[in-house]
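The values are calculated or read from the model by the stated rules, or taken from the named source; none is laboratory data. Everything numeric in this text was worked out from a predicted model, so none of it was measured. Neighbour counts run over all protein chains shown; Cβ positions are idealised from the backbone, glycine included.
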Amino acid sequence: MLTWKWLTGGGTIRMRKRKAFTLIELLVVIAIIGVLVGLLLPAVQAAREAARRMQCSNNLKQIGIAIHNYHDSFKSTPTNFTTAGTSTGATTSGFYSWLAMLLPFVEQQNLYNSIDFRIPLADRSHYGNSGNFTNYTISPSHRNAAAAATLVPGFVCPSDPAGTLRVHGSERLAPGSYAGNVGWPKGSSFPGSAMILTQNGFIGLGSPEGNDPWQTPKVRFADVTDGLSNTAAAAERLISNFSLQTSPWGGQYVPNGVREGMLSYCAGGMAARPLDRWVPYCASVTPSDPTYVRKHGHIWMSGWTFAANTYMHVMPPGERNCHIYGGEHDGNNIVTPSSFHSGGFNLLMADGSVRFQSIGVEDRIWWSLGSRNGGEVGSIE
């Protein structure tokens, strides 16, 4: 018993000493706190992902506004340049992505001004055969190396953990999460329709050394006869993020457990096929080929085919990418939209709106959204 004097009146106050928590009571409290934290963490993570997805959607919205402003200035959508050009023996511009063309319209004028577009964005300039296109590098001594290593926040989806500086030997490269729609592969057709003869997407493809007859360097809004609200402009695409494994025999291979959207498979040479035959053909190839995914999404600034800054409406979203032999120089490469979001990805339409597209979209609708001028009927689910 504690006894205190009551100083003002000479009396006393008697107080009983309070007992502490027992060990069992303390363990129960800790257990309750643990349960509450366990219940709270998924909700916090879901809220964070919702915020990241919203930011990702806003990035595409700003890209859509930039495309419209670019069109107001140049009367076409931006062009993705898939080769370097030559003039009287001297190498001229090339290998710049459609995203690089948009820089002044996404508040990156200073970065745009720092780029010397008179030279190609590559260490080498002459690519005599398809195999040369796999040996694409931008060394630290390149005049535009600093720009190629500059992260543009609006070009990276915050949900993708690979959206940081990518290192390849001496190369320092800034990644990007968004690819422009270039339509269907060369020689494709909608099931039951005639084969298309020219590129039918929304973003133009061009080659400074001389355009392939299939390429459409300049796409005008007037060329989008299916309607801007019915034609896709750009979409999310995963940035490859894995380490190749070396076999006992010295070869390299992709480890198990890598997301399908990061992988690319060799789909053979170019052949005329309807889209409903392209899908099972591409899906039947095995195993994946590490040659074509080493820098998948690693260089937002480059128009090089294997940087994957363009995509096609062929494979169902979230599934594999397929390399077409002979398509290295003209961008004829099947890249498929994908994301870290649950159930789908953000899709920018040609009218500037952004919608969350479900992975399970029906094939014919998906193919229709990729074509700007075929008269197919497609709508977002």
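Kindly provide the set of residues from the stretch 234-260 that are under 28 Å from N80 (Cβ atoms) and of a type in the set (G, A, S), ordered by number.
Answer for the stretch 234-260, where residues must be under 28 Å from N80 (Cβ atoms) and of a type in the set (G, A, S): A234, A235, S240.
Going by what's in this entry, would R355 be described as among the charged types (D, E, K, R) and in contact with a strand residue (DSSP E or B) (Cβ under 7 Å, 6 or more places away or on another chain)?
In short, yes.
Going by the structure shown, is G163 touching a residue at least 60 places away in the same chain (Cβ under 8 Å), small (G, A, S) and surrounded by 13 or more Cβ atoms within 10 Å (Cβ to Cβ)?
Taking the combined requirement at face value, the residue satisfies it.
Considering only residues that are in a strand (DSSP E or B) and free of Cβ contacts under 8 Å to residues at least 24 places away in the same chain, look in the stretch 210-261 and name the one that is surrounded by the fewest Cβ atoms within 10 Å (Cβ to Cβ).
Going through the qualifying residues, I end up with T246.
Residues that are of a type outside the set (G, A, S): list the helices (runs of 4 or more DSSP H) wholly contained in the stretch 55-159 that include at least 1 such residues.
By residue number, 98-101, 109-114.
Residues are listed down the side, and each one gets a yes or a no for (1) touching a Ser or Thr at 6+ places or on another chain (Cβ under 9 Å); (2) among the aliphatic types (A, V, I, L, M):
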{"position": "T137", "(1), (2)": "yes, no"}
{"position": "A146", "(1), (2)": "yes, yes"}
{"position": "T150", "(1), (2)": "yes, no"}
{"position": "G154", "(1), (2)": "no, no"}
{"position": "A162", "(1), (2)": "yes, yes"}
{"position": "S170", "(1), (2)": "yes, no"}
{"position": "S177", "(1), (2)": "yes, no"}
{"position": "V182", "(1), (2)": "yes, yes"}
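Among the residues of the stretch 341-354, count how many are without any contact (Cβ under 8 Å) to a residue 60 or more places away in the chain and surrounded by 15 or more Cβ atoms within 10 Å (Cβ to Cβ).
1
State all residues of the stretch 288-316 that are at pLDDT 95 or above and surrounded by fewer than 23 Cβ atoms within 10 Å (Cβ to Cβ); if no residue qualifies, say none.
Selection gives P316 alone.
Conditions first: (1) over 27 Å from N69 (Cα atoms); (2) buried (at least 19 other Cβ atoms within 10 Å of the Cβ); (3) of a type outside the set (F, W, Y). P274 passes all but one, so which condition is the exception?
(2)
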